[in-house]
Amino acid sequence: MMNDGISARLARSLEVMEQRLNRDINDDMHCRFFRVYRREAAVYFVDGMVSADFLQHYLLTPCLAHAGDALPGEEAASLEALSPLLDTARADTYQDAIRKMMNGHAVVMMDGMPCAVCFDVRAYVRRGVSQPLTESVVSGPHQGFNESIRDNITLIRRILPTPQLISEMRVIGEGCPVSLCLMYLRDAVDPASLDRLKSRLDSLHVDHVLSIGALEQLLEDSPWALLPQCCLTERPDRAASFLREGQMVLVLDGAPQILCMPVSILHLIHTPDDTSLRWQYGTFLRLIRLLGAAVTLLLPGLFVAAVIFHPELLPVTLLTAILESQAAVPLSIPMEMLLMLLMFNLIGEAATRVPGVVGSSLGTVSGLILGQAAVEAKLVHPLLIIVVAVASLGSYAVPDYSLGLACRIAQLLFLAVASVFGLYGMVLCLGATAIRLCGMRSLGSPFAAPLSPDRTHNPDVFLRAPLWRQRLRAWLANPRRMERITGPMRGFDRRRK
Amino acid sequence: MRTTTLVHSPEESLRLRLMGDRRARMHQVQLWCAVSLLRTAITVVLPMCGSAGWWLAPVCLLPGLVMYGLACLTLRRTGAATLTEAARIALGRTGAVIQSVLLALLLLTDGAASMTALVTGFTEGIGTEGTQITMALLTLLAMLFCLHRDGLAWGIHLMRWPMLALAAGAGAVMLTMARADGLHPVLGPGDDALTAAIRAGIAMGWPLTLLATVEPARPGRLRPLLPPVGILCAAAALVCLVNPCEVLTRPAALAERLLLPALYLPPALRTLTHSLGMLALFLAVATAAQLGAGHVLSPWGREVVWLPGALAAAIAATQCLPISGLWQGLSALLTWLPAVLALMLILMACRRKPCSGE
């Protein structure tokens, strides 16, 4: 039985633990024997996951100091009293004890005690708080999450120091459990969304959740959709912003990013800079990003459609130049475009996989050399290189990595449609895509809201209005707590009531 | 600038959300209605009446406006939310079934007509690669992709501003090319042609009836007729102002008639306008399939998820028929079926007491 209770006989407990921990072949599962309160005792821990100093100074030394003393009271309470500085927890079953041990606790078993006392002496190797790698900003904090769930929760709590910030710890995964923390602002979150997320978490039956991306795939509404329906961030300030808007975040142990739900398509386009910078600059940058996304999605298809089906859209000189140089190129324009787009994606992927400085150099050199060589070898048209370069550049302006990838895949789809059906096919495809996007949901909330359907919202959609006009939480928040603040935000400013 | 906002109670928030959903549904029906009116005006009425179209198209709407008024009257008298419910109260269960089947048939016929226009516009007018069947299959695939329960209405709600902006831009450019003598002769090519145009276009306004069945975004507000009617009047006037009577009444195939309104626009704007027209037709076909499915099932109060897709497939299947015969058949159906609907509306409106047992 996996859930059998811990025996009061130490010998029996040792036998079970030895067997379940596979100690005969598992070299980093350690056990030390000692005497405390005139009884035999044993402590189990995993090498490398506990602090040897903590174990020695705060647990073993006090125990040995009371080796000959009589038991002052109840066994577990007496043991806990020996180390007042350490967090303790009791485990009544072997399974609980082993789970605690695997999380870095030292598990103490004592003869005559029908439970185990787990001392928190965790100290494993972890990365420090460093700059976010994929979400750089010009203005705003430069802290990023690391792989420790405790550090990540602390980083968020430092930004939102309020008891209304709830962090519910959970364990996910049946074979190899992982710690998961569900965080939300109690007075802002929509209770219906919270219940929905909890019920989805409760209904998960997985062996192990390896990463936050895997958790995202398990929780999202439309697994077949191209667009992501959750937002991943490695910035504590962004996580705090989501929480203030009434959304929920999931912090997974071992993941340097947190998962935010529910979100809308707008959350995938906005960045922290939009809010940190003055509203004029934020609006400008946001429009540039939207332009980048549109260019990525449509430009290759538009070029192909214009050259093949709608030459009247191009100036005569340009069209002549394209057709003249096209005569010397062995491939058709759609095939050229496809080839170059795949080449740029290849360069991008290769540059991502090779380390730091080498990666950026590789990208630049490959782009320059390959582009130049392809033109000189008359494999592709020079104008086409410009189109592909601009389209690829646009995809890097999309702040969300998943959305950027979705745009690059959809770009190929639009190219295929434009190659066969021209601009009209593209328009149909665009319309169908927009409708599909509007029909999507994130944790049950419309994915394209507040654009469609209409929802009450701040003037912070495509254009970002001044902060003092943004008085509402997101439309995803608790309807009872839509307002962040009442009364004038700039109390000194008599012109704006 | 105002810096204070209303405090939303939960009820108020819920009301605002419902209002947003209703507004999206209203825009969906309005778009379908506008596309249906424009399609009939451009392909049926204007080629017959020529320069008289600027006043004849609005005149042809009058029976439709009367039907809309009758529908509103019936709904008010019966206190029902939908025409089917009103028919059940006024004419009994059989009446409700006939009413819903009739509405579904009208919607499907209209969807097939829009589909025919779309496919013909693609294959014969614009001249992209692909046969009639290929284009019908492409459109069907796109429809199946986007026939979500709420997605279609929300998508149309999202796209209304870009579409209106593009239409307004094209209209503004057309206005610069307008000539007052485009409105002459006021009676078009002659009395006989005018009579034929009135006969063909008399049932054009029936889609306005469905606007009566959509819940208004705000209770007590007039159901908005203005956008579809306004768009039709503006478009008819612009087409007449830009094109001489001889061009409008020249014998032409369906595809040419569809492309006529944008004939004199600059190339880029013409291409964009054609794209807009095709997108609008596509949305109208999808809407017809969705609304048709709703009406088919309304007497039973059920929802079958696959039915809109099946009806879309049925609409697409009509493209296996020869275009000219299909178009004539659909035009005839769309002329006479609304008369049955009008008859039912008159019966429902004249009924003094609700049916017993209802």
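Worth a mention:
- Which listed residue, of B:Leu152, B:Leu138, B:Leu175, B:Leu164, is modelled with pLDDT of 90 or more and within 11 Å of chain A (Cβ to nearest Cβ): B:Leu152
- Every residue from segment A:430-444 that is open to solvent by 20 Å² or more (accessible area, probe 1.4 Å) and more than 7 Å from chain B (Cβ to nearest Cβ): A:Leu430, A:Thr433, A:Leu437, A:Arg441, A:Gly444
- Segment A:260-291, subset of a type in the set (Val, Ile, Thr) and part of a helix (DSSP H, G or I), residue modelled with the lowest pLDDT: A:Thr275
- Residue list for segment A:456-497, restricted to those being open to solvent by less than 60 Å² (accessible area, probe 1.4 Å), more than 7 Å from chain B (Cβ to nearest Cβ) and among the charged types (D, E, K, R): A:Asp460, A:Arg464, A:Arg473, A:Asp493
- When the residues of segment A:445-455 are filtered to those that are crowded, with 20+ Cβ neighbours inside 10 Å and more than 7 Å from chain B (Cβ to nearest Cβ), the one that is nearest to A:Cys231 (Cα to Cα) is A:Phe447.
- Taking segment B:226-316 and the helices (runs of 4 or more DSSP H) fully enclosed by it, the elements with 3 or more residues that are surrounded by fewer than 21 Cβ atoms within 10 Å (Cβ to Cβ) and within 14 Å of chain A (Cβ to nearest Cβ) are at B:267-297.
- Test result for A:Gly394, crowded, with 20+ Cβ neighbours inside 10 Å and free of Cβ contacts under 8 Å to residues at least 40 places away in the same chain: no
- A:Ile308 passes every criterion in (1) under 30 Å from A:Phe447 (Cα atoms); (2) within 14 Å of chain B (Cβ to nearest Cβ) apart from (1).
Here is a yes/no grid of residues against (1) open to solvent by 10 Å² or more (accessible area, probe 1.4 Å); (2) more than 30 Å from A:Arg469 (Cβ to Cβ); (3) charged (D, E, K, R):
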site: A:Leu204; (1), (2), (3): yes, yes, no
site: A:Asp207; (1), (2), (3): yes, yes, yes
site: A:Gly213; (1), (2), (3): yes, yes, no
site: A:Leu218; (1), (2), (3): yes, yes, no
site: A:Asp253; (1), (2), (3): yes, yes, yes
site: A:Pro262; (1), (2), (3): no, no, no
site: A:Ile269; (1), (2), (3): yes, no, no
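- Positions within segment A:353-400 being closer than 17 Å to A:Thr296 by Cβ and of a type in the set (Ser, Thr, Tyr), in sequence order: A:Ser392, A:Ser395, A:Tyr396
- From the options A:Ala477, A:Ala465, A:Ala434, A:Ala418, residue that is touching a residue at least 40 places away in the same chain (Cβ under 8 Å), of a type outside the set (Lys, Arg) and under 24 Å from B:Arg160 (Cβ atoms): A:Ala465
- Filter pass, A:Phe414 being crowded, with 18+ Cβ neighbours inside 10 Å and more than 9 Å from every other protein chain (Cβ to nearest Cβ): yes
- Counted residues, segment B:170-207 - those being part of a helix (DSSP H, G or I), more than 30 Å from B:Ala268 (Cα to Cα) and not hydroxyl-bearing (Ser, Thr, Tyr): 10
- Test: residue in segment A:437-451 that is touching a residue at least 60 places away in the same chain (Cβ under 8 Å), assigned to a helix (DSSP H, G or I) and out of contact with any Asp or Glu (no Cβ under 7 Å at 6 or more places or on another chain): yes
- B:Met159 meets all of the listed conditions (1) within 18 Å of the chain's Cα centre (by Cα); (2) farther than 30 Å from B:Met19 by Cβ but one, namely (2).
- Checklist (1) in a helix (DSSP H, G or I); (2) more than 15 Å from A:Ala97 (Cβ to Cβ); (3) in contact (Cβ under 8 Å) with a residue 12 or more places away in the chain applied to A:Asp69, failing item: (1)
- Inclusion of B:Leu334 among residues that are touching a residue at least 24 places away in the same chain (Cβ under 8 Å) and closer than 26 Å to B:Ala87 by Cα is warranted.
- Any hit, segment A:332-347, residues being among the aromatic types (Phe, Trp, Tyr) and open to solvent by 40 Å² or more (accessible area, probe 1.4 Å): yes
The values are calculated or read from the model by the stated rules, or taken from the named source; none is laboratory data. Just so it is clear, the structure is predicted and the values come from calculations on it, not from any experiment. Methodologically, a virtual Cβ is constructed for each residue, glycine included, from the backbone with ideal geometry; neighbour enumeration extends over all protein chains shown. Please note that ligands, DNA and RNA were not included when accessible areas were found on the heavy atoms of the full protein model with its side chains. Shrake-Rupley method; radii C 1.70, N 1.55, O 1.52, S 1.80 Å.
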